[in-house]
Ligand code: CMC
């Protein structure tokens, strides 16, 4: 860990003993101070308890900052609103990976570097035949991305900066190809090879939608919208999938395996699977009249249902990405000439009612990035099962940036949380004939 200025200390005394310890506070650039509890066990013989890690900083990072109370998201200091409006996905990728926005020469070099790696080893094509056609594309993603480590042996030495750089390029470049092929396989269409003369998002839309039998022109407004959606998903600090990537990487596992672990973690409906779940939920609600009964159900703890696309562990205010996503949604629907989309109308009404409901107000539950993304993606012709895949494509940049930062941190150790053991105390083995 880089040396931080200690702004203060906290002294903890263990009741009923004469043991005490002084805990240093560490300051980040912005955000709350954190208590450095690393000596707690050696000094007092106790661990901290924080299931879900809601109050625990597991690393220091220069990549992304979130102020959940104010609804602020910064990448390397730049507000997400400015990046979404003025930057491109590959520029943001450079920013996340390397710390700065590229100048013109660096931008070209970076874009060429990524786009030259878009093809996958030809043998990877045959891997798809091993999957059922009705496999969820996230299942295919977990398998094929993890398998990249079986093909690219020349970039697996994580101690070598060149290997790390090439692996990052390979992952950012190949994940869209793998994702688009997962879709093509599910619908029985020929795989489209990447086109390096297209932009990153444009090429992804091309590989998803084109067929070899005829020319295909990607609508530039939709390509720009897709690029923006990717920017909004590029990184989000130490969320579940990023923490999974860091934890996997802390063992020295290769980056392809680590990103496959991140994809698995992203799949769940509480995380990246929420955009798919939002559309299913809207379809189930069906009409505006059903919104109230649906919300009553969500508020009933016994129903175990949630308003998908609402709430966030860190944001206790509007998710800034949700605001940009809502604006992009209107733009995309306008471009596609969709004047009245019943699903969008339903989502707007659902949001309005939820935001004025005491249950959601008291718990500070606001729309998150996934509330509107599904509606845009559906309008763009992306099938529902590909929504989380698209999230994974964009988040690969954040995962590999966080992985690289961790590997380059000299104080990095294997991640290894402790536990409160609540099982049986030590007891003697009982032979089978003596068990009741
Ligand atoms: N609908 C209804 N109630 C909710 C919701 C929701 N979406 N989210 C939280 N709550 C309630 C929860 O029941 C609890 O109530 P109470 O205090 O009465 O027990 C309270 O709000 C606090 O919830 P929590 O479960 O402690 O919050 P958390 O920080 O553990 O969970 C979350 C965060 C995102 C998993 C959760 O809000 C959720 O399940 N949301 C729906 C799924 C979703 O949209 N996920 C996408 C997250 S953004 C994209 C990403 O990062 O992947």
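Bear in mind these aren't lab numbers, they're just calculated from the coordinates by the rules spelled out. None of the values given here were measured: they were computed from a predicted structure. Heads up, the Cβs are rebuilt from the backbone with ideal geometry, glycines too, and the neighbour counts pull from every protein chain shown.
Measuring nothing but alpha carbons in the chain and taking Rh as the Kirkwood radius, the Rg to Rh ratio lands at 1.00. For the listed peptides 264-277, 357-370, 415-428, a ranking on the average number of other beta carbons within 10 Å per residue, highest first, reads 264-277, 357-370, 415-428. Taking other C-beta atoms within 10 Å as the exposure proxy, 301, 292, 404, 323 rank 301, 292, 323, 404 from fewest upward.
Suppose R0 equals 45 Å; then what is the FRET efficiency for residue 359 and residue 408 from their Cβ-Cβ distance, rounded to the nearest 0.05? Walk me through the numbers before you get to the answer.
On the way: r = 45 Å, r/R0 = 0.99.
After rounding to 0.05, the efficiency reads 0.50.
Taking the number of other C-beta atoms within 10 Å as the exposure measure, put 401, 356, 149, 248 in order starting with the fewest. Mind dumping the intermediate values first?
Working: 401 29, 356 9, 149 19, 248 23.
Least to most surrounded, the residues fall as 356, 149, 248, 401.
Taking Cα atoms only, the orientation of helix 370-379 departs from the longest principal axis of the chain by about 20 degrees.
Computed over region 341-402, the range of Cα coordinates on each principal axis works out to 40, 32, 13 Å, biggest value leading.
Looking at the square roots a ≥ b ≥ c of the eigenvalues of the Cα gyration tensor of region 234-336, which shape do they give, rounded for a/c under 1.5, prolate if a/b is larger than b/c, or oblate? Prolate. Distance between the C-alpha centres of region 235-262 and region 207-227: 31 Å, rounded to the whole angstrom.
Place the peptides 34-41, 101-108 in order of packing, highest mean first, counting for every residue the other Cβ atoms within 10 Å and averaging per peptide.
Working: 34-41: 15.2, 101-108: 12.0.
Highest mean packing first, the order is 34-41, 101-108.
What list do you get for 258, 142, 59, 329 if you sort them by fewest beta carbons within 10 Å?
Numbers: 258 31, 142 20, 59 17, 329 24.
Ordered from fewest to most neighbouring Cβ atoms within 10 Å, 258, 142, 59, 329 come out as 59, 142, 329, 258.
What do you get for the angle between helix 387-407 and the principal long axis of the chain? Use alpha-carbon atoms, 0 to 90 degrees, nearest ten. In the chain, helix 387-407 runs at an angle near 50 degrees to the longest axis. Taking the convex hull of the alpha carbon positions in region 48-94 and averaging its projected area over all directions gives 4.5 nm². Across all directions, the shadow cast by the convex hull of region 268-316 built on its C-alpha atoms averages 3.9 square nanometres. Mind putting together the pair-distance distribution for region 302-425? All Cα pairs, 5 Å bins, whole percent per bin, short to long. Going from the shortest bin to the longest, the percentages are 2, 8, 14, 16, 15, 13, 12, 8, 6, 4, 2, 1, 0, 0.
Region 282-360 and region 81-118 have their alpha-carbon centroids 33 Å apart.
According to the square roots a ≥ b ≥ c of the eigenvalues of the Cα gyration tensor, what is the shape class of region 167-283, taking rounded for a/c under 1.5, prolate for a/b larger than b/c otherwise, and oblate for the remainder?
prolate
Full extension of the chain between residue 426 and residue 104 yields a length gain of 109.4 nm, computed as 0.36 nm times the residue separation minus the alpha carbon distance.
Ranked by the mean number of other Cβ atoms within 10 Å of their residues, highest first, the peptides 303-314, 185-196 come out as 303-314, 185-196. Does region 1-131 come out rounded, prolate or oblate, given a ≥ b ≥ c as the square roots of the eigenvalues of its C-alpha gyration tensor, rounded meaning a/c under 1.5 and, failing that, prolate meaning a/b above b/c? Prolate is the answer for region 1-131, as a/c is 1.5 or above and a/b outweighs b/c. Spatial offset of region 33-49 relative to region 364-436 amounts to 25 Å, using the alpha carbon center of each.
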